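Some notes on the structure that comes next.
The values are calculated or read from the model by the stated rules, or taken from the named source; none is laboratory data. In this text the structure is predicted, and so the values were computed from the model without any measurement. Ideal geometry is used to build each Cβ from the backbone, glycine not excepted, and the neighbour counts take in all protein chains shown. Side chains are part of the model used for accessible areas, which takes the heavy atoms of the whole protein and leaves out ligands, DNA and RNA. Shrake-Rupley method; radii C 1.70, N 1.55, O 1.52, S 1.80 Å.
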Amino acid sequence: MANESLESLDGLFQELLESESLFKNKEVLRPSYTPDTLPHRSDQINSLAMILVSALKGDTPSNILIYGKTGTGKTAVARYVGIELEKKSETLHVPCVVLYINCEVIDTQYRLLANLAKQFGEDVPMTGWPTDQVFFKFKEAVDANKQVVIIILDEIDKLIKKGDDVLYNLSRINTELQNAKVSMIGISNDLKFTEFLDPRVKSSLGEEEIIFPPYDAEQISDILRHRAGIAYKEGSLSEMVIPLCAAFAAQEHGDARRALDLLRVAGEIAEREKKNQVEERHVRQAQEKIETDRIIEVVRTLPTQSKLSLYSVMLLRNHGYRNVTTGEVYNVYRQLCRNVDMDVLTQRRVTDLISELDMLGILNAIVVSKGRYGRTKEIVLSVPLESTKKVLLEDYRLNMLADFKPVITAQMHL
């Protein structure tokens, strides 16, 4: 039996390998790809280049903060200018190193410093040393040579949530260096994140600021046409695919990353269907899939109390309730809390959590009047039941509730 399934899987892989791909180079549509040209970002490229050019003279460039919403080209521009700067520094024989760090992945001060030290050949363990010692190691390694080092900290706000000591130390490092010079570029989607910074860090980190405005639908279409020309084989896209991807992304505050995801996922769906062209309906299916994936990711990161509130709605839905009221949800929520030994919040607080879930698009809560019985909220789920339940039960505090059966009291009605 096992051999049969192995053979059928082998046959499937073979069939998929032999089927004609619509793509020439799919990687071009991924966020990690840095293109050779960046349409509609020449102003930002020039601003960044004008600040960083001092590195080619062996001077310390100003620290820079780059702001803008997701998918407005911040990372692509910073990486592109960084690559060009390194190339130019080689031809001029002026040592210049550009380091890129994503603070969503490397999200603690220790890990950041350990990672930086490792880039200069220092062997630092990923845990265990005092942070001061790791910083000293990095400082020593950087200063071993005459060089200008530019550190790009993408999603810098994720790092600041764990404290800004490391930024304070890095922003003052040049006073302690003999040979090297260090400057930083912070990239953030959050225009307000500097409010949480120590004023000294804020003033030194934000010596220069560059704002990235959202793209409009026409600009996104240009970006997509440019990338599609490299990513897809000729004739693989029907006429309406790019305008539709651009229109969907323009609704999402001009998010080019979302548009590129749509263009890639639509192609993957068309390939699975063995079609020789990506059609409009594939884009619509891709939009639905990406939206579902996004919501599931949001559910995964919810606080436990919000997860319990959502799970209460789902349990009632499983019992045949179409429109659930807040009172009914609260009744089940209390039972769940007692089972997992969590504090029971007040009904008002749970109602607030339900409003937050509504804002996130996970459920839809409509205020309805019950006449002399006052007003309540009727709640309808906006997420797929099974996949959301699976994500909720991944949480170790909730997985014991997999087979939980709530006690439905008399006043709870269908």
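Does residue 100 satisfy being in contact with a helix residue (DSSP H, G or I) (Cβ under 9 Å, 6 or more places away or on another chain), open to solvent by 40 Å² or more (accessible area, probe 1.4 Å) and part of a helix (DSSP H, G or I)?
no
Quick check on residue 66: is it in contact (Cβ under 8 Å) with a residue 24 or more places away in the chain, open to solvent by 20 Å² or more (accessible area, probe 1.4 Å), aliphatic (A, V, I, L, M) and touching a helix residue (DSSP H, G or I) at 6+ places or on another chain (Cβ under 6 Å)?
No; evaluated as a whole, the condition is false for this residue.
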Is there any pair with a first residue in segment 79-100 that is of a type in the set (Val, Ile, Thr) and a second that is open to solvent by less than 10 Å² (accessible area, probe 1.4 Å) and modelled with pLDDT under 95 whose Cβ atoms are under 7 Å apart and which are 6 or more apart or on different chains, and what are they?
-> none
Within 30 Å of the chain's Cα centre (by Cα) and among the small types (Gly, Ala, Ser) - does that describe any residue in segment 155-177?
-> yes
Mind checking whether some residue in segment 144-164 is open to solvent by less than 20 Å² (accessible area, probe 1.4 Å), more than 19 Å from residue 116 (Cα to Cα) and either of a type outside the set (Asp, Glu) or free of Cβ contacts under 8 Å to residues at least 60 places away in the same chain (or both)?
-> no
Test: residue 235 is touching a helix residue (DSSP H, G or I) at 6+ places or on another chain (Cβ under 8 Å), at pLDDT below 95 and more than 21 Å from residue 384 (Cα to Cα) = no
Can you work out which of the residues in segment 339-386 that are modelled with pLDDT of 85 or more and hydroxyl-bearing (Ser, Thr, Tyr) is farthest from residue 288 (Cα to Cα)?
-> 346
Considering residues of segment 217-249 that are more than 25 Å from the chain's Cα centre (by Cα) and more than 18 Å from residue 28 (Cα to Cα) only, the residue surrounded by the fewest Cβ atoms within 10 Å (Cβ to Cβ) = 239
Here are 62, 47, 89: which of them is in contact with a strand residue (DSSP E or B) (Cβ under 6 Å, 6 or more places away or on another chain), under 16 Å from residue 153 (Cβ atoms) and of a type outside the set (Lys, Arg)?
-> 62
Criterion (surrounded by fewer than 21 Cβ atoms within 10 Å (Cβ to Cβ), modelled with pLDDT under 95 and within 30 Å of residue 265 (Cβ to Cβ)) met by exactly one of 24, 118 = 24
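Restricting attention to segment 338-366, which residues are β-branched (Val, Ile, Thr), in a helix (DSSP H, G or I) and more than 27 Å from the chain's Cα centre (by Cα)?
Those that are β-branched (Val, Ile, Thr), in a helix (DSSP H, G or I) and more than 27 Å from the chain's Cα centre (by Cα): 340, 350, 351.
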